[in-house]
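Some notes on the structure that comes next.
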Amino acid sequence: MKESSLQRNEIALPGHLVKQINAERMSVASQAMAELISSDFEPFFCGNAAFHLLARCRRCGRCCKEERTIAVSIEDCGRIARHLGKSRKKFIAEFTKAHELSSNQVGNARMLKKAEGRPCPFYDPDLPGCSIHEAKPQVCSAALYLTKMNLLLCKENKRFSVFSNCPADIEMRKQLLAWKSGLEKDATGFQLFHQTDDSSTDMDRYLILLRLKGMEIYYGKETAARLARRIGLPKTPGDDEMRPVARLFIWRLLMAGDAEEMLQLRALK
């Protein structure tokens with residue numbers, strides 16, 4: 001199979017999820033999402049959610065070693081504590097310190113204790129990577145694409161950010177460039193999206209699913225679960241279910257006239 005092509009199972013849109021969405025609740029759910037993340041951040045919020053789903057972390061440890069600070073919420077502390085078999089109180093005392101920003105700005109969030117110039121205390125060079133990967137802080141789960149700073153930069157610069165030190169981002173963008181090249185030669189790959197399901201033209205519903213997934217990545221599972229119930233879903237869709245939607249969204253961006261500039265693909269040529 002050519003690098004620029006996609007297999008049918010990679011573009012099989014989750015029509016069964018679209019059918020579960022309550023059309024009467026969509027506007028209310030969309031408003032609730034807009035109150036959390038303004039629609040002014042589009043297409044960057046959904047685009048970065050798509051990148052997050054498509055990039056495959058290589059566990060190189062760069063994030064673990066290079067981030068100066070790592071914020072943790074009380075929910076993070078509880079989840080990591082359970083993962084380590086500790087009480088939340090003991091975990092907070094042993095592994096965290098007060099946040100460098102005031103509580104008026106960050107609420108009850110704290111920071112992991114981390115010596116300057118040293119990696120995250122949960123970085124294990126023998127893996128390599130995160131030793132608490134299954135329970136890692138929400139800010140780590142959102143990195144690199146769906147951090148507050150990256151969304152602000154994307155909105156300000158009117159283009160998606162490139163993380164040149166991240167092997168997963170470099171690999172993913174090369175794939176995007178290959179897709180764009182393939183699209184310029186033959187658009188049938190994109191047309192396959194519209195042959196996989198009778199509901200695949202309902203972009204509004206696929207878009208709300210992608211925004212929902214972005215909310216899970218940005219805010220966590222509990223917030224996303226509440227939003228999912230608002231639109232009639234029993235739970236937030238899984239990553240594998242959503243990757244075809246992510247590919248569809250990116251392919252639509254690739255079809256835009258300013259795709260190379262917005263997606264910063266020219267630097268890869």
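Would you work out which of Ala259, Tyr123, Cys46 lies farthest towards the positive end of the dipole of the chain? Charges go on Cβ: Lys and Arg +1, Asp and Glu -1.
So the residue furthest toward the plus end is Tyr123.
So, R0 is 41 Å and r is the distance between the beta-carbons of Arg82 and Val28; what FRET efficiency does that work out to, to 0.05? Mind showing how you got there, number by number?
Numbers: r = 34 Å, r/R0 = 0.82.
That gives a FRET efficiency of 0.75.
Let me know the shape class of the stretch 30-75, please: from the alpha-carbon gyration tensor, a ≥ b ≥ c as square roots of the eigenvalues, rounded when a/c is under 1.5, otherwise prolate if a/b is greater than b/c, or oblate. Before the final figure, lay out the partial values.
Details: a/c = 2.79, a/b = 1.54, b/c = 1.81.
Oblate, because a/c is 1.5 or more while a/b does not exceed b/c.
Dipole size in debye (nearest 20) for the stretch 62-142 around its Cα centre, Lys and Arg Cβ +1, Asp and Glu Cβ -1? It would help to have the intermediate numbers written out before the result.
On the way: 15 positive and 10 negative charges, 57 e Å.
I would put it at about 280 debye.
Angle, helix 44-54 long axis vs. longest principal axis of the chain, Cα atoms, 0 to 90°, nearest 10?
So the helix axis and the longest Cα principal axis differ by about 90 degrees.
Pick out, from Ala168, His133, Ala93, the residue whose Cα sits farthest towards the positive end of the charge dipole of the stretch 44-170, with +1 on the Cβ of Lys and Arg and -1 on the Cβ of Asp and Glu.
Value: Ala93.
Using label points projected 7 Å from each Cα along Cα→Cβ, tell me how many nm separate Arg229 and Leu101, to one decimal.
For the pair Arg229/Leu101, the computed spacing is 2.9 nm.
Expressed as a whole number of Å, what is the distance separating the alpha-carbon centroids of the stretch 206-229 and the stretch 116-161?
Result: 19 Å between the Cα centres.
Report D for the stretch 81-184 in µm² per second (integer): Stokes-Einstein, Kirkwood Rh on Cα pairs, 25 °C, 0.890 mPa s.
Diffusion coefficient, whole number: 146 µm²/s.
Among the lysines, which fall within straight-line cross-link reach of Lys113, defined as a Cα-Cα distance under 27 Å, with same-chain neighbours fewer than 8 residues apart omitted?
Straight-line reach from Lys113, under 27 Å: Lys65, Lys86, Lys89, Lys90, Lys97, Lys136, Lys148, Lys221.
Using 0.36 nm per residue of separation minus the Cα-Cα distance, give me the extension gain between Ala93 and Lys113 in nm, one decimal. Can you show the working numbers first?
Numbers: separation 20, 0.36 × 20 = 7.20 nm, distance 0.99 nm.
Gain on extension, Ala93 to Lys113, equals 6.2 nm.
Using helices alone, I'd like the mean residue ellipticity at 222 nm for the chain: each DSSP H run of four-plus residues gives -39500 (n - 2.57), total over residue count, nearest 500.
Details: 15 runs with 144 residues, N = 269.
Per the formula, -15500 deg cm²/dmol.
Going highest first, how would you order 84-92, 245-253 by mean Cβ packing within 10 Å?
Details: 84-92: 14.0, 245-253: 21.6.
My ranking of the peptides, most packed first, is 245-253, 84-92.
Using the Cα gyration tensor of the stretch 62-142, with a ≥ b ≥ c the square roots of its eigenvalues, what is the shape: rounded (a/c below 1.5), prolate (a/b larger than b/c) or oblate (neither)?
On the way: a/c = 1.73, a/b = 1.21, b/c = 1.44.
Oblate, because a/c is 1.5 or more while a/b does not exceed b/c.
Once the Cα gyration tensor of the chain is found, what semi-axes does its equivalent ellipsoid get, as square roots of 5 times the eigenvalues, in whole Å, sorted largest first?
Numbers: eigenvalues 217, 107, 57 Å².
Equivalent ellipsoid semi-axes, largest first: 33, 23, 17 Å.
A short reminder: the numbers here are calculations on the coordinates, not readings from a lab. Predicted model, so just to flag it, every value in this text is computed and none were measured. When we count neighbours, we look across all protein chains shown, and the Cβ atoms used for this are built from the backbone with ideal geometry, even at glycine.
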